[in-house]
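Report on the structure given below.
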Ligand SMILES: C[S@@+](CC[C@H](N)C(=O)[O-])C[C@H]1O[C@@H](n2cnc3c(N)ncnc32)[C@H](O)[C@@H]1O
């Protein structure tokens with residue numbers, strides 16, 4: 001099947017080091033597509049020049065560059081990821097820029113930082129993959145000072161809509177594969193407010209934002225559609241024939257300009273008591 005490189009379906013986000021080159025290209029592609037939403041999430045941190053901020057699950061470090069621009073040369077950005085390869089990519093890209101960023105390998109579920117060490121902390125599109133997202137949110141709150149701010153931006157795969165002529169059995173099976181098998185916590189977006197409340201965060205804001213793409217090959221690349229379709233067939237949820245007919249119809253819709261794929265991502269931010 002034709003598609004944009006890189007293909008999301010090849011990636012294991014719990015072990016990015018197995019294919020770091022594809023992961024890096026994928027993160028670049030998506031960062032470019034949703035730059036405005038990422039910037040909006042970061043704006044919820046209320047960063048000022050001279051501030052200190054932690055990003056966990058930073059991937060190849062693109063958003064850390066924005067954080068560095070906001071806190072300026074007197075500020076401090078620490079950006080962490082479980083993947084040593086992602087951290088190497090981030091360091092390589094930013095080395096010559098002279099930014100106040102330190103990239104470090106760390107598990108967001110057990111952060112190696114002191115209580116209240118940062119003014120703010122951020123996570124994006126990582127809680128969906130981590131074994132214990134509630135623990136990560138508690139860790140973010142722990143390392144931010146009282147009055148500081150924490151923000152999370154995560155997708156809700158349950159809200160994925162494919163404009164293919166009805167929410168039929170094949171589309172539901174594809175979505176089920178994304179939610180139940182491909183992602184550890186496919187419905188994490190809608191869980192964020194609850195996670196923030198139970199972790200003790202205050203003054204919580206909730207912004208669900210829909211994003212869409214109209215090209216099937218691009219949607220396949222960033223959402224891993226064909227891989228989840230194959231997965232749904234392998235699980236026995238739909239027949240190979242039904243999946244093939246559905247995919248052919250979807251391709252025809254896309255070629256005629258009548259296709260879109262959309263999903264809601266949720267930005268939740270709050271203040272540390
Ligand atoms: C989909 S990527 C998102 C990267 C980045 N936040 C962005 O928006 O471009 C998920 C990232 O979370 C990282 N990750 C997965 N589990 C982690 C953990 N337990 N602690 C820290 N990072 C983790 C992966 O290595 C990967 O870089």
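What follows draws every value from the coordinates through simple rules; no lab data is involved. Predicted model only: the values in this text are computed from it and were never measured. Here Cβ is always computed from backbone atoms with ideal geometry, including for glycine, and neighbour counts include all displayed protein chains.
Using C-alpha pairs below 8 Å separated by at least 6 residues, the relative contact order for region 170-251 is 44 percent.
For region 8-271, the share of DSSP beta bridges that are antiparallel, to the nearest 5, is 50%. Pairs of C-alpha atoms in region 191-273 farther apart than 23 Å represent 46 percent of all such pairs.
As a ratio to 2.2 N^0.38 Å, the alpha-carbon radius of gyration computed for region 8-271 takes the value 1.04.
Normalised by residue number, the volume inside the convex hull of the Cα atoms of region 128-241 is 120 Å³ per residue. For the pair residue 92 and residue 241 in one chain, pulling the backbone fully straight at 0.36 nm per residue adds 49.0 nm over the alpha carbon distance. Shown for 153, 259: other C-beta atoms within 10 Å of each C-beta, ranked fewest to most, produce the order 259, 153. Inter-label distance, residue 198 to residue 163: 3.7 nm, where each label sits 7 Å from its Cα along the C-beta direction.
Here is how the number arises for the chain: DSSP H runs of 4 or more residues each give -39500 (n - 2.57), the sum is divided by the residue count, and the result at 222 nm is -12000 deg cm²/dmol. Look at the alpha carbon pairs under 8 Å that are at least 6 residues apart: their mean separation over the length of the chain gives a relative contact order of 22 percent.
A simple spin-label model places the labels of residue 138 and residue 252 5.4 nm from each other, with each point 7 Å out along Cα-to-Cβ. The Cα center of region 214-236 and the Cα center of region 143-168 differ in position by 19 Å.
For the peptides 140-151, 109-120, 23-34, residues were scored by their other Cβ atoms within 10 Å and the scores averaged per peptide; the highest-first order is 140-151, 23-34, 109-120. If the Kirkwood radius is taken over C-alpha pairs of region 1-134, then at 10 °C and 1.306 mPa s the Stokes-Einstein diffusion coefficient equals 104 µm²/s. Relative contact order for region 91-240: 22 percent, from Cα pairs under 8 Å spaced at least 6 residues apart, divided by residue count.
If r is the Cβ-Cβ distance from residue 218 to residue 21 and R0 is 25 Å, what FRET efficiency results, to the nearest 0.05? That gives a FRET efficiency of 0.80. A simple packing score, the average count of other Cβ atoms within 10 Å per residue, orders the peptides 236-242, 46-52 as 46-52, 236-242, with the highest score first. For the peptides 58-64, 83-89, 220-226, 245-251, the ranking by packing is 58-64, 220-226, 83-89, 245-251, with the highest mean count of neighbouring Cβ atoms within 10 Å listed first.
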